[in-house]
Amino acid sequence: MTTRPPARVRIHEERGVFVVVASGDFDADERDLLLSAWDEAGERNLPVTVLDLSGVTFGDSSFLDSLLRARHRHLTGGRRLVLAGPLHHGVELLLTVTGTLPHFETAISITDALRNNTST
């Protein structure tokens, strides 16, 4: 039996950008981890949120739903959401097959996302 990597979400502010670092496997059981991050992003109301997905090894439909909710909340709040990779194959496949990848602003890495989106 294989053990799934536990889902983790860390948040911090870096150079005027709200950063969410997600890692591990995400399904319905971990949905609240990301939803809490979106609540915090809304409270901080910074112009850009970067979501580092490079450590996410699996995401199901509930994971996709939380990404789409984040996108909607950011757009309606006049803020930007940037997904940073590199994306694990399964995550990229989920976003590609569902046709949602083109609806997200993306960066090849967290470093690239921060370099191009800092307010300093």
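Using a probe of 1.4 angstrom, how much of the accessible area of the chain is carbon and sulfur, in percent?
Carbon plus sulfur share of accessible area: 53 percent.
In nanometres, what is the gap between the two model label sites at Asp39 and Thr3, each 7 Å from Cα along Cα-to-Cβ?
If labels sit at Asp39 and Thr3, their model points lie 2.9 nm apart.
Ranked highest first by average number of other Cβ atoms within 10 Å, how do 80-90, 7-17 line up?
Ranked by mean Cβ neighbours within 10 Å, highest first: 80-90, 7-17.
Kirkwood-based Rg over Rh for the chain (C-alpha set), two decimals?
Radius of gyration relative to Kirkwood radius: 0.94.
Leaving out ligands and nucleic acids, and using a 1.4 Å probe, what accessible area per residue does the chain come to in Å²?
For the chain, the solvent-accessible area averages 53 Å² per residue.
Report for the chain the percent antiparallel among DSSP-assigned beta bridges with both residues inside it, nearest 5.
Around 30 percent of the beta bridges assigned by DSSP in the chain are antiparallel ones.
Treating only the Cβ atoms of Lys and Arg (+1) and Asp and Glu (-1) as charged, compute the dipole magnitude of the chain about its Cα centre; round to the nearest 20 debye.
Dipole size: approximately 340 debye.
If DNA, RNA and ligands are ignored and the probe is 1.4 Å, what is the ranking of Thr98, Thr118, Thr3 by accessible area, most exposed first?
Largest to smallest exposure gives the sequence Thr3, Thr98, Thr118.
Between the helical axis of 31-44 and the dominant principal axis of the chain, each derived from Cα atoms, what acute angle in degrees is found, rounded to the nearest 10?
Helix 31-44 sits roughly 0 degrees off the main axis of the chain.
What is the dipole size for segment 10-49, taken about its Cα centre, with +1 at each Lys and Arg Cβ and -1 at each Asp and Glu Cβ, in debye to the nearest 20?
Here segment 10-49 has a charge dipole of around 280 debye.
The values are calculated or read from the model by the stated rules, or taken from the named source; none is laboratory data. A quick note: this is a predicted structure, and the numbers were derived from the prediction, not measured. Cβ coordinates were reconstructed from backbone atoms using ideal geometry, including for glycine residues, and neighbour counts include every protein chain displayed. The accessibility values were calculated without ligands, DNA or RNA, using every heavy atom of the protein model including side chains. Shrake-Rupley method; radii C 1.70, N 1.55, O 1.52, S 1.80 Å.
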